[in-house]
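> One structure, pasted below without further comment.
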Amino acid sequence: MKILLENQVAVVTGGSRGIGAAVVKLFAEAGARVVFSYVKAARAAREVEKGCRNCAGSAEPVRADVRRMRDAGRLIERAVRQHGRIDILVANAGIWNQRPAPIEAMSEREWDRMIAVNLKGVYSVIRYAAPHMIRRKSGRIIVVSSTAGQRGEAFHNHYAAAKGGAISLVKGLSTELAPHNILVNCVAPGWVATDMSAPAVRNAREARRLMAGIPLGRFARPEEIAMPILFLASRMSTFMTGEIINVNGGNVLCG
């Protein structure tokens, strides 16, 4: 693979599993020095780090819960302290409610936790990364949202609201940070075969129902989401900002 991110410093949140792990590995293969966060999956994080040892770049796990401002700041400062700067931020950490959550039964705790991880967690790392990028007049911020943030999702409305909020944040920040040569974009995946979505995609009956709405007739692999993220982080997208790249197999055709 051509070295697309040689000498670039990247921070990836939620990098121990699923889409995040695929991004960390692909970035390290592309030459980036990656610092990635995890919360509980220490063993999985070490496996990701181990899998990047023979790459052109590197990967370093840091335990950080991006719901907490102190943790988010510590994650960004670790990257800056280790590598002198931050060039790329991928705000990927997220959760999803596996069981339906009807609005009349949804608890305040369920709502708050979803918003804290999927929206505040995006804000928190951007809040600490942006000043470093502004000083250097350069940077890429890539947010992982969801098709649910564009169309809504019944029985998962707190998830859709958080992901929709992240898209609006991308739109606003893209114009706010453009004068500093910081590009802010978003990737919105559809159904992806990960641990988070496993209860749905591994249930034969539910999988058939979901795939019926996907023209390509299958779920995405995490690597298929990581590659558009690499595109947004690379020199191939130097005139793109405020964009939402939909990677959903044709499931949601958004204008």
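> Looking only at segment 178-194, count every residue that is more than 23 Å from Arg218 (Cβ to Cβ) and in contact (Cβ under 8 Å) with a residue 60 or more places away in the chain and tell me the total.
2
> Determine, yes or no, whether Ile95 is part of a loop (DSSP other than H, G, I, E, B), of a type outside the set (Ser, Thr, Tyr), out of contact with any His (no Cβ under 7 Å at 6 or more places or on another chain) and surrounded by 15 or more Cβ atoms within 10 Å (Cβ to Cβ).
Numbers: part of a loop (DSSP other than H, G, I, E, B): yes; of a type outside the set (Ser, Thr, Tyr): yes; out of contact with any His (no Cβ under 7 Å at 6 or more places or on another chain): yes; surrounded by 15 or more Cβ atoms within 10 Å (Cβ to Cβ): yes.
Against the criterion (part of a loop (DSSP other than H, G, I, E, B), of a type outside the set (Ser, Thr, Tyr), out of contact with any His (no Cβ under 7 Å at 6 or more places or on another chain) and surrounded by 15 or more Cβ atoms within 10 Å (Cβ to Cβ)), Ile95 qualifies.
> Right, next: Let me confirm something: among Arg67, Arg46, Arg81, which residue is outside any strand (DSSP E or B), free of Cβ contacts under 8 Å to residues at least 24 places away in the same chain and within 30 Å of Arg135 (Cα to Cα)? Explain how you work it out, then say what you get.
Numbers: Arg67 fails: free of Cβ contacts under 8 Å to residues at least 24 places away in the same chain; Arg46 fails: within 30 Å of Arg135 (Cα to Cα).
Going through Arg67, Arg46, Arg81 in turn, just one is outside any strand (DSSP E or B), free of Cβ contacts under 8 Å to residues at least 24 places away in the same chain and within 30 Å of Arg135 (Cα to Cα): Arg81.
> Sort out which residues of segment 140-183 are among the aromatic types (Phe, Trp, Tyr) and not in a helix (DSSP H, G or I), and write them in order of number. I'd like the intermediate steps shown before the answer.
Step one: list which residues in segment 140-183 are among the aromatic types (Phe, Trp, Tyr), which gives 155, 159.
The one that is among the aromatic types (Phe, Trp, Tyr) and not in a helix (DSSP H, G or I): Phe155.
> Residues in segment 215-223: is at least one free of Cβ contacts under 8 Å to residues at least 60 places away in the same chain, assigned to a strand (DSSP E or B) and buried (at least 16 other Cβ atoms within 10 Å of the Cβ)?
Among the residues of segment 215-223, at least one is free of Cβ contacts under 8 Å to residues at least 60 places away in the same chain, assigned to a strand (DSSP E or B) and buried (at least 16 other Cβ atoms within 10 Å of the Cβ), which makes the answer yes.
> For segment 1-40, give me each residue that is among the small types (Gly, Ala, Ser), closer than 20 Å to Val192 by Cα and touching a residue at least 60 places away in the same chain (Cβ under 8 Å).
Going through segment 1-40, the residues among the small types (Gly, Ala, Ser) turn out to be 10, 14-16, 18, 20-22, 28, 30-32, 37.
Imposing the further condition that a residue be closer than 20 Å to Val192 by Cα reduces the set to 14-16, 18, 20-22.
Gly14, Gly15, Gly18, Gly20, Ala21, Ala22, listed by residue number.
> Which number in (1) over 30 Å from Arg136 (Cβ atoms); (2) modelled with pLDDT of 95 or more; (3) of a type outside the set (Asp, Glu); (4) surrounded by fewer than 21 Cβ atoms within 10 Å (Cβ to Cβ) marks the one condition that Ser174 misses?
It is condition (1) that Ser174 fails.
> Continuing with this model, one more query. Between a first residue in segment 152-177 that is at positive phi and a second residue that is not in a helix (DSSP H, G or I), which pairs have beta carbons less than 9 Å apart while being 6 or more apart in sequence or on different chains?
Phe155/Asn97; Phe155/Arg99; Phe155/Pro100; Phe155/Ala101; Phe155/Pro102; Phe155/Ile103
> Between Ala193, Ala212, Ala188, which is more than 22 Å from Ile126 (Cβ to Cβ) and under 16 Å from the mean Cα position of the chain (by Cα)? So that I can check it myself, show each step before the final result.
Details: Ala212 fails: under 16 Å from the mean Cα position of the chain (by Cα); Ala188 fails: more than 22 Å from Ile126 (Cβ to Cβ).
Ala193 is the lone residue from the list that is more than 22 Å from Ile126 (Cβ to Cβ) and under 16 Å from the mean Cα position of the chain (by Cα).
> Also: Given the conditions (1) assigned to a helix (DSSP H, G or I); (2) of a type in the set (Ser, Thr, Tyr); (3) touching a residue at least 12 places away in the same chain (Cβ under 8 Å), and given that Thr241 satisfies all but one, which numbered condition is not satisfied?
Against the list (1) assigned to a helix (DSSP H, G or I); (2) of a type in the set (Ser, Thr, Tyr); (3) touching a residue at least 12 places away in the same chain (Cβ under 8 Å), Thr241 comes up short only on (1).
> Taking segment 119-137, which residues are closer than 23 Å to Phe155 by Cα and in contact with a Ser or Thr (Cβ under 9 Å, 6 or more places away or on another chain)?
Residues of segment 119-137 that are closer than 23 Å to Phe155 by Cα, as a first pass: 119-122.
Within segment 119-137, Gly121, Val122 qualify.
> Among Ala10, Ala56, which is the only one that is surrounded by fewer than 19 Cβ atoms within 10 Å (Cβ to Cβ), of a type outside the set (D, E, K, R) and within 20 Å of Gly84 (Cα to Cα)? Steps first, please.
On the way: Ala10 fails: surrounded by fewer than 19 Cβ atoms within 10 Å (Cβ to Cβ).
Matching residue, one of Ala10, Ala56: Ala56.
> Right, another one. Do the conditions hold for Ile134, that is, is it at pLDDT 95 or above, under 15 Å from the mean Cα position of the chain (by Cα), closer than 30 Å to His180 by Cα and not in a loop (DSSP other than H, G, I, E, B)? Before the answer, list the steps.
Values: at pLDDT 95 or above: yes; under 15 Å from the mean Cα position of the chain (by Cα): no; closer than 30 Å to His180 by Cα: yes; not in a loop (DSSP other than H, G, I, E, B): yes.
No.
> Now a separate question. For residues in segment 59-82 being touching a Ser or Thr at 6+ places or on another chain (Cβ under 6 Å) and of a type in the set (Val, Ile, Thr), which is surrounded by the fewest Cβ atoms within 10 Å (Cβ to Cβ)? Write out each step before concluding.
First pass over segment 59-82, keeping only residues touching a Ser or Thr at 6+ places or on another chain (Cβ under 6 Å): 62, 64, 66, 69, 72, 75.
Now narrow it down to the ones that are of a type in the set (Val, Ile, Thr): 62, 66.
Details: Val62: 19, Val66: 25.
Filtering first and then ranking leaves Val62.
> Looking at segment 10-42, which of its residues are over 22 Å from Arg68 (Cα atoms) and more than 11 Å from the chain's Cα centre (by Cα)?
Lys25, Leu26, Phe27, Ala28, Glu29, Ala30, Gly31, Ala32, Arg33
> Conditions: (1) in a helix (DSSP H, G or I); (2) of a type in the set (Asp, Glu); (3) within 15 Å of the chain's Cα centre (by Cα). Asp112 meets all but one. Number of the miss?
(3)
The values are calculated or read from the model by the stated rules, or taken from the named source; none is laboratory data. This structure is a prediction, so every number in the text was calculated from the model and none was measured. Ideal geometry is used to build each Cβ from the backbone, glycine not excepted, and the neighbour counts take in all protein chains shown.
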